[in-house]
Amino acid sequence: MVVHEAALSGCCLALSEGIGSADDFAAKENAVRFSPWSITSLSRAMVRLMAMDDGALVQAQAKSIELARNFGIGCFTQAVQRIVC
(Lines give C-alpha, C1' and ligand atoms only; values in the text may rest on other atoms or scores of the structure.)
Protein backbone atom coordinates (compact mmCIF):
# COMPACT_ATOMS: atom_id res chain seq x y z
CA MET A 1 0.00 0.00 0.00
CA VAL A 2 2.85 2.39 0.76
CA VAL A 3 4.35 1.90 -2.70
CA HIS A 4 0.95 2.46 -4.31
CA GLU A 5 0.45 5.70 -2.37
CA ALA A 6 3.93 6.93 -3.31
CA ALA A 7 3.31 6.12 -6.97
CA LEU A 8 -0.10 7.85 -6.88
CA SER A 9 1.70 10.91 -5.53
CA GLY A 10 4.09 10.83 -8.48
CA CYS A 11 7.14 9.95 -6.44
CA CYS A 12 10.30 8.36 -7.75
CA LEU A 13 10.60 4.94 -6.19
CA ALA A 14 13.53 3.16 -4.57
CA LEU A 15 12.30 -0.41 -4.19
CA SER A 16 13.93 -3.40 -2.64
CA GLU A 17 14.12 -6.47 -4.84
CA GLY A 18 12.25 -8.19 -2.02
CA ILE A 19 9.13 -6.04 -2.47
CA GLY A 20 6.44 -7.91 -4.39
CA SER A 21 4.80 -4.73 -5.66
CA ALA A 22 8.01 -3.66 -7.41
CA ASP A 23 6.92 -5.61 -10.50
CA ASP A 24 3.69 -3.59 -10.62
CA PHE A 25 5.01 -0.10 -9.90
CA ALA A 26 8.64 0.03 -11.09
CA ALA A 27 9.68 1.01 -14.59
CA LYS A 28 12.97 2.33 -15.89
CA GLU A 29 11.53 5.87 -15.91
CA ASN A 30 10.36 6.05 -12.30
CA ALA A 31 12.21 3.59 -10.13
CA VAL A 32 15.44 1.99 -9.09
CA ARG A 33 15.68 -1.37 -7.39
CA PHE A 34 18.22 -2.41 -4.83
CA SER A 35 19.23 -5.48 -2.90
CA PRO A 36 17.87 -5.37 0.65
CA TRP A 37 21.04 -7.13 1.79
CA SER A 38 23.54 -4.62 0.39
CA ILE A 39 24.30 -1.17 1.73
CA THR A 40 26.24 -0.49 -1.46
CA SER A 41 23.22 -1.39 -3.58
CA LEU A 42 20.97 0.93 -1.56
CA SER A 43 23.54 3.71 -1.74
CA ARG A 44 23.82 3.39 -5.53
CA ALA A 45 20.04 3.49 -5.86
CA MET A 46 19.82 6.66 -3.80
CA VAL A 47 22.60 8.33 -5.79
CA ARG A 48 20.86 7.46 -9.07
CA LEU A 49 17.59 8.97 -7.87
CA MET A 50 19.24 12.11 -6.55
CA ALA A 51 21.13 12.61 -9.83
CA MET A 52 17.95 12.74 -11.93
CA ASP A 53 17.53 16.00 -13.85
CA ASP A 54 14.27 17.93 -14.17
CA GLY A 55 13.24 16.16 -17.37
CA ALA A 56 13.78 12.74 -15.82
CA LEU A 57 11.83 13.76 -12.73
CA VAL A 58 8.86 14.87 -14.85
CA GLN A 59 8.94 11.54 -16.71
CA ALA A 60 9.21 9.65 -13.42
CA GLN A 61 6.22 11.49 -11.99
CA ALA A 62 4.08 10.71 -15.03
CA LYS A 63 5.12 7.05 -15.11
CA SER A 64 4.47 6.53 -11.39
CA ILE A 65 0.98 7.99 -11.69
CA GLU A 66 0.27 5.98 -14.85
CA LEU A 67 1.27 2.69 -13.21
CA ALA A 68 -0.55 3.49 -9.96
CA ARG A 69 -3.83 4.04 -11.80
CA ASN A 70 -3.89 0.33 -12.63
CA PHE A 71 -4.59 -0.44 -8.96
CA GLY A 72 -7.01 0.67 -6.27
CA ILE A 73 -10.57 0.32 -5.11
CA GLY A 74 -12.06 1.18 -8.49
CA CYS A 75 -10.11 -1.56 -10.26
CA PHE A 76 -10.93 -4.00 -7.48
CA THR A 77 -14.64 -3.20 -7.69
CA GLN A 78 -14.68 -3.64 -11.46
CA ALA A 79 -12.89 -6.99 -11.18
CA VAL A 80 -15.40 -8.26 -8.61
CA GLN A 81 -18.30 -7.12 -10.78
CA ARG A 82 -16.86 -9.00 -13.76
CA ILE A 83 -16.61 -12.16 -11.67
CA VAL A 84 -20.09 -11.90 -10.17
CA CYS A 85 -22.03 -10.70 -13.22
Could you pull out every residue, at least 5 positions away or on a different chain, whose amide H is within less than 5 Å of the one on SER16? Hs are placed 1.01 Å off N in the peptide plane, and Pro or chain starts have none. PHE34
Do any trypsin sites (Lys or Arg not before Pro) in the chain lie in a loop, going by DSSP, with at most 11 other beta-carbon atoms within 10 Å of their beta carbon, and if so which? LYS28
Could you do me a favour and compute the accessible area per residue for the chain, 1.4 Å probe, result in Å²? 70 Å²
Please tell me the relative contact order of the chain in percent, rounded to the nearest whole number, where contacts are Cα pairs under 8 Å and at least six residues apart. 36 percent
For the chain, what is the mean residue ellipticity at 222 nm derived from helices alone (per DSSP H run of n ≥ 4: -39500 (n - 2.57); sum divided by total residues; nearest 500 deg cm²/dmol)? -17500 deg cm²/dmol
Please report, as a whole percent, how much of the solvent-accessible surface of the chain comes from carbon and sulfur atoms (probe radius 1.4 Å). 59 percent
Using 7 Å Cα-to-Cβ label points, what is the MET52/ASN70 separation (nm, one decimal)? 1.7 nm
How large is log10 of I(q)/I(0) for the chain at q = 0.13, 0.26 Å⁻¹ when the intensity is taken from the Debye formula with one equal scatterer per alpha-carbon? -0.45, -1.23
Name the long-range amide H neighbours of ALA31: under 5 Å, sequence gap of 5 or more, or other chain; modelled H, no Pro or chain starts. LEU13
What figure, in Å² to the nearest 10, do you get for the accessible area of GLU5 with a 1.4 Å probe and non-protein molecules left out? 100 Å²
Quote the accessible area belonging to LEU67 in square angstrom, nearest 10, computed with a 1.4 Å probe and with ligands, DNA and RNA left uncounted. 30 Å²
Label-point separation, ASP24 to LEU42 (7 Å along Cα→Cβ), nm: 2.4 nm
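The values are calculated or read from the model by the stated rules, or taken from the named source; none is laboratory data. Only a predicted model underlies this, so the values are computations on that prediction, with no experimental measurement involved. Cβ atoms come from the backbone with ideal geometry, glycine included; neighbour counts cover every protein chain shown. What goes into the accessible areas is simple: the full protein's heavy atoms, side chains included, and nothing from ligands, DNA or RNA. Shrake-Rupley method; radii C 1.70, N 1.55, O 1.52, S 1.80 Å.
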